[in-house]
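Beneath this line is the structure, given in structure tokens, with notes to follow.
The values are calculated or read from the model by the stated rules, or taken from the named source; none is laboratory data. Here the structure is a predicted model, which means the values were calculated and not measured. A quick note on method: Cβ atoms are made from the backbone with ideal geometry, for glycine too, and the neighbour counts reach across all protein chains shown. Please note that ligands, DNA and RNA were not included when accessible areas were found on the heavy atoms of the full protein model with its side chains. Shrake-Rupley method; radii C 1.70, N 1.55, O 1.52, S 1.80 Å.
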Amino acid sequence: AQSVSQHNHHVILSEAASLELGCNYSYGGTVNLFWYVQYPGQHLQLLLKYFSGDPLVKGIKGFEAEFIKSKFSFNLRKPSVQWSDTAEYFCAVRLYGNKLVFGAGTILRVKS
Amino acid sequence: EAGVTQFPSHSVIEKGQTVTLRCDPISGHDNLYWYRRVMGKEIKFLLHFVKESKQDESGMPNNRFLAERTGGTYSTLKVQPAELEDSGVYFCASSRYTGTGGSGANVLTFGAGSRLTVL
């Protein structure tokens, strides 16, 4: 069965530190890849997506992700985190139809 | 445009009782999805409506769960009778189109979720 693995469940960083959240998926075909974020008390929001083309995609709030097909990875990065980035981050892969398969989520806490 | 609306935001019920969750998708979105997150685990797909028809209900856990979308607008998800393991957050999402690739019109927009606690 297709699965998405997020490497860290909890990450704690200080403001201005760099962030990289790992995401690997198990599926050999064409995929669409997403990162969603859920800020405390809010709904899931799309952070960025990859469909095709340039494997380095930029999203909102200074986030970017790199699709590495050979590694089945789609890691999320931000050069300098802010306290307001405290949230839970979800990696997801879309297969056929519009069904998303999510990772378990990574809770990021940024200390001010 | 208004987002995906779900209510109630939180429901606490006793084991054996019935709960109905409601989702109002973004206007014009024919595709409506239900997902569930149980106890901090992965968010998992439950089912997908295209207008009023069930396109894919492969993720529905058992026959205690009944989803409807009469008229192709809002949807309800009923759990009857509720069990302890049904506790979790139920997310609804909608999109105008489906399919991989293409334009962003096939990207899912999620609601805030309905938290269900079964005691």
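Taking the stretch B:1-30 as the range and being within 13 Å of chain A (Cβ to nearest Cβ) and of a type in the set (Gly, Ala, Ser) as the test, the residues that pass are B:ALA2, B:GLY3, B:SER9. Could you tell me which residue of the stretch A:9-22 is least open to solvent (accessible area, probe 1.4 Å), considering only residues that are away from chain B (no Cβ under 14 Å) and either modelled with pLDDT under 90 or not in a strand (DSSP E or B) (or both)? My answer is A:GLY22. Name every residue in the stretch A:60-87 that is open to solvent by 30 Å² or more (accessible area, probe 1.4 Å) and among the acidic types (Asp, Glu), in order of residue number. Of everything in the stretch A:60-87, those that are open to solvent by 30 Å² or more (accessible area, probe 1.4 Å) and among the acidic types (Asp, Glu) turn out to be A:GLU64, A:GLU66.
Restricting to the stretch A:23-48, what's the tally of residues that are open to solvent by 80 Å² or more (accessible area, probe 1.4 Å) and under 23 Å from B:ALA112 (Cβ atoms)?
Qualifying residue count for the region: 3.
Count of the stretch A:56-89 residues, restricted to those that are without any contact (Cβ under 8 Å) to a residue 24 or more places away in the chain and closer than 19 Å to A:GLN6 by Cβ, is 5.
Looking across the stretch B:31-60, the residues that are farther than 30 Å from A:ASN8 by Cα, open to solvent by less than 60 Å² (accessible area, probe 1.4 Å) and more than 10 Å from chain A (Cβ to nearest Cβ) come down to B:LEU32, B:PHE49. Here is a check on your reading of the model: is B:LEU77 at pLDDT 95 or above and surrounded by fewer than 13 Cβ atoms within 10 Å (Cβ to Cβ)? Here the answer is no, as B:LEU77 does not meet what is asked. Applying the criterion of at least 3 residues that are more than 14 Å from every other protein chain (Cβ to nearest Cβ) and more than 29 Å from B:LEU47 (Cβ to Cβ) to the strands (runs of 3 or more DSSP E) found wholly in the stretch A:23-112 leaves A:64-68, A:73-78, A:106-111. Criterion applied to B:LYS41, B:LYS51 was being basic (Lys, Arg) and more than 13 Å from B:SER95 (Cβ to Cβ), and the one residue passing it is B:LYS41.
Taking the stretch B:1-86 and the strands (runs of 3 or more DSSP E) fully enclosed by it, the elements with 2 or more residues that are among the polar types (S, T, N, Q) are at B:5-7, B:53-56, B:75-79.
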